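Report on the following structure.
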Amino acid sequence: MLIDKRRSRAQKEESTIKRYLTTILLSLFLLILSVWSLFIGVIDLELSTLLNGNLEQLKIFLVSRLPRLLAILCTGVGMSVAGLIMQQLCRNKFVSPTTGATISSAQFGILLALLFMPNSTLWGRALFAFAAAILGTWIFVWFIQRIRFKDVIMVPLVGIMFGNVIGGITNYLAYQYEMTQALSTWLVGHFSLVVRGRFELVYLIVPLVILAFLFANHFNIVGMGKDFSKNLGVPYNLVLFAGLSIAAMITASVVVIVGSISYIGLIVPNLVAMFKGDRIRGTLVDTALFGAIFVLACDMLARVVIAPYELPIELIVGILGSILFVGLLLYRLRRGNKAIRLGSAHSGGCAAAVSQVEGGDGA
């Protein structure tokens, strides 16, 4: 008996070490990339010159390089966590701000701000983007709730089609009122315009991510279905829409400052889940770190491919993300995650863990 207890304790300690080892390694790698990225750009910066107090290089460092790094880290962390929340609540590994119409809705909100409040500040446009992103995500989930048979591919396809409808309306209004050029800044994601004084809105991502971590267990329970949530005393609809609202606000914060960056919320949570599992509290930190690394690496690549010119990060992320998306799609289908049948059109909401799974777990 004593030997068994010692063996069990040793196995638990080994499991704990392995769990935190990944987090430590990701943190160290992110730190190295962050320092490296500060010295990549058209104007060369030298550490010795900065330490000696060169005013010109210090100004470039504080006004451009450091704000850009902070915006990249917030973007990677925020979009990854937003995708993880949506996938957990919707119980579908292909739902994300891109495939859930959240990004398209945020762009539509920005266009409305430009049309009705042309002299609005960045915060004014952000409020329109927040409202439109939350409303668009809620409508998407409301529509998905009423689909009796959910295929693992059909749910994100519905989101993509809904997002294209919103994007079509946005483009029509932009052409109609000659706002295409003004809107183009938010259609393609890039960090080239991020400087001190006009990026601080992304700091809103930090408290939203903290909220996501605090309510991670509630998101897990809601991800198991409406009936399961009620049995545990968790208000299903409140937690569902609160989680989706957090994801929508994170996405809108990024779109307002950086523009549209696809695939981050789709790819990163899936890659982390392959190694860490699907429990949101156990994967949230690693997902945030890996998301920051992924965006930072893509941005550094965008800066050096055709230096001294710079590619939009949306181009780099789009190429890598599309390749990884196809690979994940084939991987999930090969596992047999084909369809989910709900007990009723309204009983499982977007989450379907309590439903009968046909040919897989529906994730």
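The values are calculated or read from the model by the stated rules, or taken from the named source; none is laboratory data. Fair warning: this is a prediction, and the values are worked out from it, not measured in the lab. No Cβ is skipped: glycine too gets one built from the backbone with ideal geometry, and neighbour counts run over all protein chains shown.
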Could you tell me how many of the residues in segment 268-297 are among the hydroxyl-bearing types (Ser, Thr, Tyr) and at pLDDT below 90? 1
How many residues does segment 317-337 contain that are surrounded by 20 or more Cβ atoms within 10 Å (Cβ to Cβ) and either closer than 21 Å to MET79 by Cβ or modelled with pLDDT of 90 or more (or both)? 3
Taking the stated definitions as given, is ARG65 modelled with pLDDT under 85, in a helix (DSSP H, G or I) and surrounded by 10 or more Cβ atoms within 10 Å (Cβ to Cβ)? no
Is there a residue in segment 283-291 that is assigned to a helix (DSSP H, G or I), over 30 Å from GLY197 (Cα atoms) and not acidic (Asp, Glu)? yes
Which condition from (1) out of contact with any Gly (no Cβ under 7 Å at 6 or more places or on another chain); (2) without any contact (Cβ under 8 Å) to a residue 40 or more places away in the chain; (3) surrounded by 12 or more Cβ atoms within 10 Å (Cβ to Cβ) is the one that MET117 breaks? (1)
Being buried (at least 24 other Cβ atoms within 10 Å of the Cβ), at pLDDT 90 or above and in a helix (DSSP H, G or I) is the requirement here; does GLN88 meet it? no
All but one of (1) under 19 Å from the mean Cα position of the chain (by Cα); (2) not in a helix (DSSP H, G or I) hold for VAL239, so report the exception by its number. (2)
Kindly provide the set of residues from segment 302-320 that are in contact (Cβ under 8 Å) with a residue 12 or more places away in the chain and either small (Gly, Ala, Ser) or part of a loop (DSSP other than H, G, I, E, B) (or both), ordered by number. ALA302, ALA307, PRO308, GLU310, PRO312, GLY318
Determine the pairs where a residue that is within 15 Å of ALA242 (Cβ to Cβ), located within segment 128-145, has a partner that is surrounded by fewer than 20 Cβ atoms within 10 Å (Cβ to Cβ) with Cβ atoms under 6 Å apart, the partner being 6 or more residues away or on another chain. ILE134/SER245
Out of all the residues in segment 51-62, which are surrounded by 13 or more Cβ atoms within 10 Å (Cβ to Cβ) and either touching a Ser or Thr at 6+ places or on another chain (Cβ under 7 Å) or not in a helix (DSSP H, G or I) (or both)? ASN54, GLN57
Criterion first (acidic (Asp, Glu), in contact (Cβ under 8 Å) with a residue 60 or more places away in the chain, closer than 20 Å to PRO97 by Cβ and not in a loop (DSSP other than H, G, I, E, B)) does ASP299 satisfy it? yes
Return the residues of segment 120-130 that are over 15 Å from GLY167 (Cβ atoms), aliphatic (A, V, I, L, M) and crowded, with 18+ Cβ neighbours inside 10 Å; say none if nothing qualifies. ALA126
Given the condition in a helix (DSSP H, G or I), at pLDDT below 90 and of a type in the set (Gly, Ala, Ser), answer yes or no: does some residue in segment 219-233 qualify? yes
Going by what's in this entry, would LEU31 be described as modelled with pLDDT of 85 or more, surrounded by fewer than 11 Cβ atoms within 10 Å (Cβ to Cβ) and aliphatic (A, V, I, L, M)? yes
Considering segment 183-222 alone, what residues qualify as being among the hydroxyl-bearing types (Ser, Thr, Tyr) and under 16 Å from the mean Cα position of the chain (by Cα)? TYR203
Among residues belonging to segment 145-159 that are crowded, with 23+ Cβ neighbours inside 10 Å and among the β-branched types (Val, Ile, Thr), point out the one that is modelled with the highest pLDDT. VAL155
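One line per residue, one yes/no per condition, for (1) at pLDDT below 85; (2) part of a helix (DSSP H, G or I); (3) in contact with an Asp or Glu (Cβ under 8 Å, 6 or more places away or on another chain):
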residue	(1), (2), (3)
PHE191	yes, no, yes
VAL195	yes, no, no
SER245	no, yes, no
SER260	no, no, yes
Please state which of the following conditions GLY100 fails to meet, knowing it meets all the rest: (1) closer than 22 Å to GLY318 by Cβ; (2) assigned to a helix (DSSP H, G or I). (2)
Every residue from segment 41-50 that is in contact (Cβ under 8 Å) with a residue 24 or more places away in the chain and either in contact with a Phe, Trp or Tyr (Cβ under 7 Å, 6 or more places away or on another chain) or surrounded by fewer than 16 Cβ atoms within 10 Å (Cβ to Cβ) (or both): VAL42
